[in-house]
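Working notes, structure below.
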Amino acid sequence: MVGKVLGFAAQVAPWAVVSGLAYAAAFIKPSVDPLPLPQPLSEPRDLFYDVAGSDQQGYWFAGNNGIVLERSAGGSDWVRHSMDLSVNLQGIAISSSGLVIAVGNQGWLFRNNGTSWDSQQLPVSDIAGKLIEIAWLDGYFWAIGEMGAVFRGNADGQQWTDVSIDGDVGLNDIVQSADGTLWITAEFGTLYRSVDGGLTWQGEELGYESLRSIAFDGHRGVIVGNGGVIYTSEDQGESWQRRDAATEEHLYDVVHDGSRWLATGNGGVLVASENGRDWRPLRPAGFDSGFHTRLLPAEQAVLIAGATIGRLKNRDWTHWPEGGE
């Protein structure tokens with residue numbers, strides 16, 4: 001009798017196991033409490049194309065894949081912002097009231113209202129619609145880009161007026177000189193100026209290499225571009241003379257930091273000049289050999305954005321963000 005019972009149980013047991021597994025699959029839902037994964041401040045794939053801000057407003061670095069790094073005002077705290085759209089952000093600017101706007105590919109524009117970001121797409125060309133730079137000048141935002149795109153935005157960044165330049169030309173940088181003239185550097189060695197607030201533009205050919213950036217210090221102006229070209233003006237842009245840049249690398253940006261001119265670009269190039277005419281290379285220890293696209297004068301230093309970001313003080317280079325790797 002016992003043998004018959006055990007034999008019957010042996011036959012039933014596999015079916016009982018299968019039935020139990022089926023019941024568990026149908027009615028029992030496993031739950032897992034995931035451990036939060038910390039988001040690093042910076043990643044090896046991060047590239048940054050622009051920087052804006054001040055010690056009082058904080059510093060903002062715009063980069064690829066919709067990433068903005070924020071360094072807190074007067075401190076060393078960092079926040080990593082990710083836009084809803086993963087577009088490359090080419091430019092960033094901050095107004096006197098603290099409104100931050102970043103611009104990038106396909107005409108996308110992102111505003112930070114202090115707590116969150118909202119987005120808007122400007123009416124750019126379907127052929128080439130990259131917005132390359134944005135600047136805060138004399139109470140207005142100015143966004144420029146491919147296919148001659150120029151947009152003037154009001155102080156809240158909500159209303160934009162199209163004052164574009166007619167022609168298939170990429171625009172790289174926009175500044176305002178002391179007399180109120182607007183200046184734009186462009187492809188094919190072209191320099192544009194407007195004396196009526198962007199209503200009309202006049203172009204001047206300085207050569208064939210693309211002009212990347214322009215800066216003024218009083219009546220003196222400096223332009224840098226591809227192939228290491230540098231032009232200087234002693235009469236607030238009325239005439240320009242070509243100079244020896246001490247490099248053949250592309251130069252992407254130029255600034256005056258209060259005591260000297262600095263220019264940076266491809267291949268880790270960094271050159272300096274006290275008078276704008278005579279240039280020499282700088283080689284700070286630890287400075288990355290990749291590209292750098294933007295310089296920003298800060299208090300007793302210059303911030304640099306590119307393949308790496310950081311601060312140059314005199315000849316000393318400090319990589320940012322602290323603790324980011």
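Of the accessible area of region 211-314, computed with a 1.4 Å probe over protein heavy atoms only, carbon and sulfur atoms account for 40 percent. The share of accessible area on region 39-101 that comes from carbon and sulfur is 45 percent, using a 1.4 angstrom probe. Distance between the modelled labels on SER72 and ALA307, one decimal in nanometres: 3.2 nm (7 Å Cα→Cβ projection). Quick check: from the Cα gyration tensor, does region 106-186 come out rounded (a/c under 1.5), prolate or oblate? Oblate is the answer for region 106-186, as a/c is 1.5 or above yet b/c matches or exceeds a/b. For the chain, the per residue solvent-accessible surface stands at 49 Å², with DNA, RNA and ligands left out and a 1.4 Å probe.
Mind running the shape call on region 43-152? Use the C-alpha gyration tensor, a ≥ b ≥ c as the square roots of the eigenvalues: rounded below 1.5 for a/c, prolate if a/b tops b/c, oblate otherwise. Oblate, since a/c reaches 1.5 and b/c is not below a/b. Neighbours of TRP201 by Cβ distance under 9 Å: Lys/Arg scored +1, Asp/Glu scored -1, total 0. With coordinates expressed along the principal axes, the C-alpha atoms belonging to the chain extend over 116, 44, 37 Å, beginning with the largest.
Estimated at 0.36 nm per residue, the fully extended path between SER239 and ASP162 surpasses their Cα-Cα distance by 24.8 nm. Taking Cβ atoms as reference points and 9 Å as the exclusive limit, the residues near THR232 contribute a net charge of +3, counting Lys and Arg as +1 and Asp and Glu as -1. Would you kindly give the portion of the calculated P(r) for region 161-235 that falls above 17 Å, as a percent of all Cα pairs? Looking at region 161-235, the distances longer than 17 Å represent 39 percent of pairs.
If only the Cβ of Lys and Arg carry +1 and only the Cβ of Asp and Glu carry -1, the dipole of the chain around its Cα centre is close to 1420 debye. Translational diffusion of region 155-281, estimated by Stokes-Einstein from the Kirkwood radius over alpha carbon pairs at 37 °C in a medium of 0.692 mPa s, is 221 µm² per second. Calculated [222 nm] ellipticity per residue, helices only, for the chain: -3000 deg cm²/dmol; basis is -39500 (n - 2.57) per DSSP H run with n ≥ 4, divided by all residues, nearest 500. Hey, in the GNM for the chain with a 10 angstrom Cα cutoff, which one of THR161, THR115, THR185 fluctuates hardest? Between THR161, THR115, THR185, it is THR115 that shows the largest mean-square fluctuation.
The values are calculated or read from the model by the stated rules, or taken from the named source; none is laboratory data. The shown structure was predicted, so the numbers you read here are calculated from the model rather than taken from an experiment. For neighbour counting, all protein chains shown are included, and Cβ atoms are generated from backbone atoms with ideal geometry for every residue, glycine included. Only protein heavy atoms, including side chains, enter the accessible area calculation; ligands, DNA and RNA are left aside. Shrake-Rupley method; radii C 1.70, N 1.55, O 1.52, S 1.80 Å.
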